[in-house]
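Laboratory data are not the source of any read-out in this text; all were calculated from the coordinates shown. Since the model is a prediction, treat every value here as computed from it, not as a measurement. Counting neighbours? That spans all protein chains shown, and the Cβs are built from the backbone with ideal geometry, glycine included.
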Amino acid sequence: MNSNLKIILGEFEKYKGQFVITDMNVVERLIGIGEDEWDYYYITWDGRRTHWNTCVGAFIPLKGFIKDKDYERLVRIAKLNHFDSAEMYRINTPEIKEYIKKVREEVENLSRKNGRYLAPICWEIN
């Protein structure tokens, strides 16, 4: 494993599941690391779909850098609005559990052409 990839995977382990600001100035959850034939990517989740952000750029972590109450607000909003969260649906039925499983499986089955994940997807909100 090359040294850049070790650094990238180390950053992922440190910040996985947390909200970050991407190079596109968007707040999203860091859920994975991927690669294709050209680059490594920080994979983020906006609650509806994934975004592959090149590791040539960076992300800005938020947890521990903004007020705890402000970070907890991001967590609360995500739990109420992200498709992968049971709290969004306000009920916990077998149908909802199956739907959440389907959403997660679609992401984990990788729809990006020629790409692959380098770490398991982190669905926990940290």
- Note on the structure: For the pair E98 and K63, the simple spin-label estimate (label points 7 Å beyond Cα toward Cβ) gives in nm 3.3
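Quickly estimate the mean residue ellipticity at 222 nm for the chain, helices only: each DSSP H run with n ≥ 4 gives -39500 (n - 2.57), and the total goes over all residues, rounded to 500.
Details: 3 runs with 42 residues, N = 126.
That calculation yields -10500 deg cm²/dmol at 222 nm.
Which whole-number percent gives the relative contact order of the chain, counting Cα pairs below 8 Å spaced six or more residues apart? Provide the component values of the computation, followed by the final result.
Details: 182 pairs, mean separation 34.7, N = 126.
This gives 28 percent for the chain.
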- Message: When the expected Rg is taken as 2.2 N^0.38 Å, what fraction or multiple of it is the alpha-carbon Rg of the stretch 3-117?
- Response: 1.12
- Message: Quick check for the stretch 3-117: number of Lys pairs with alpha-carbon distance under 15 Å, counting only pairs 8 or more apart or on different chains?
- Response: 5
